[in-house]
Amino acid sequence: MSKALLNLDENLASSIALRYAAFLAPLFDIKLHITHIEVPDRKKQAGTGWVRRTWENGLLDTGRQAVQRLLRTENVQCNFAGSPIVLVGNRDPEILRELKAGGYDLFIEGNTQTGDLSRFHDLLTSDLYSAAPCPIMLVNNLATVDSVALLCGGDVDCKKLVMTYLALTGAADIEVELVYFKLQENEQLVFLDETEGGADFKAAGQLLLDAGKRLRGSKVLSGTPEQTGDYLKNFAFVGSSLPGARSPQMEVLFSTPSTLLLCR
């Protein structure tokens, strides 16, 4: 059983992430923990001693109430592991500290800022994403179809990506498609022979078969990031390595509306 940390705030992104996580948990046998970071107003921070403790306890209560309101509103059918972990502090450092201390296998959060490449780039190159000790599930929508894609190409280690996917998903019976992206300015997306993906790409497909997974196919795509992103839109999620700042893979992942599984 995998152990996942789901970050919740009282907003639309968290609402989407919560419902998606409830779908994912039984499918991949995930033990789901909830966290919420209550970020204090710097102008209202208290001093020391009992005054500060009282102030922090008030913030913790506010955070717990926010999480409970969201859970009541969404009313998802999911058994969570223990009470929500509510912390006070700066969001990303607190989440990172909890991920490292808790030994989690997956971090899940929602994303509704899907139309701004600059913000997407900043998110994927942030300290939280760069230093996270586990894969990250960035939930962009609620598509819950029965197939996923693993995106290779560029500097992605295909075999390592597949091994991470297998470790996370266990015995889940879900169809997988391997996709290898080659950057090329074409008028439309071109499908190349599987051998164009190289020996590691072929070996990655064999790893999936050896693990008893249903391999939908191994596709080598030649085209623009936008064309490839559009092709990937009909999967429950797209798994790939966390891309470098200037990697074409960054634009492919930005261009697809699918949920993303970002691996180390």
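Taken together, the values in this text are just the output of simple stated rules run on the coordinates, not laboratory data. What you see is a predicted model, and the numbers here were worked out from it, not measured in a lab. As a convention, Cβ positions derive from the backbone with ideal geometry for all residues, glycine included, and neighbour counts pool all protein chains shown.
Summary table below
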quantity: Ranked by how many other beta carbons lie within 10 Å on average, peptides 115-123, 128-136, 56-64 from highest; calculated: 128-136, 56-64, 115-123
quantity: For a label point 7 Å along the Cα-to-beta-carbon line of Asp155, residues of segment 100-138 with backbone N under 13 Å; calculated: 125
quantity: Extended-chain gain in nm, criterion 0.36 nm per residue less alpha-carbon gap, Arg246 and Asn75; calculated: 57.5 nm
quantity: Total charge dipole magnitude, segment 1-136, about the Cα centre, Cβ charges on Lys, Arg, Asp, Glu only, Debye to nearest 20; calculated: 380
quantity: Contour minus Cα-Cα distance for Thr195 and Arg119 (0.36 nm per residue); calculated: 23.8 nm
quantity: Nearest-ten-degree value, helix 49-74 long axis tilted from longest Cα axis of the chain; calculated: 50
quantity: Over 29 Å between alpha carbons, listed pairs Lys3/Lys182; Lys3/Lys219; Lys100/Lys182; Lys213/Lys233; Lys31/Lys219; calculated: Lys3/Lys182; Lys3/Lys219; Lys100/Lys182; Lys31/Lys219
quantity: Leading residue at positive end of dipole, segment 31-164 (Cβ point charges), from Asn111, Asn57, Val148; calculated: Asn57
quantity: All aspartates and glutamates inside 20 Å of Lys159 as judged from Cα atoms, apart from same-chain residues fewer than 8 positions distant; calculated: Asp105, Asp173, Glu175, Glu177, Asp193, Glu194, Glu196, Asp200, Asp210
quantity: Residue among Ala211, Phe181, Ala199 farthest towards the positive dipole end of segment 123-228, charges placed on Cβ; calculated: Ala211
quantity: Chymotrypsin sites (Phe, Trp or Tyr not before Pro) within segment 195-264, DSSP loop, no more than 15 other Cβ atoms inside 10 Å; calculated: none
quantity: Hull-based mean projected area of segment 147-263, where the convex hull spans the alpha carbons, in square nanometres; calculated: 6.3
quantity: Which labelled figure in (1) 59; (2) 47; (3) 50 is percent of Cα pairs over 24 Å apart, once derived from the coordinates; calculated: (3)
quantity: Magnitude of the charge dipole, the chain, Cβ model with Lys/Arg +1 and Asp/Glu -1, debye to 20; calculated: 960
quantity: Rg over Rh [alpha-carbon atoms, Kirkwood Rh] for segment 2-139; calculated: 0.98
quantity: Volume of the Cα convex hull of segment 138-187, divided per residue and given in Å³; calculated: 129
quantity: Qualifying trypsin sites (Lys or Arg not before Pro) in segment 201-249, DSSP loop, other Cβ atoms within 10 Å at most 16; calculated: Arg214, Arg246
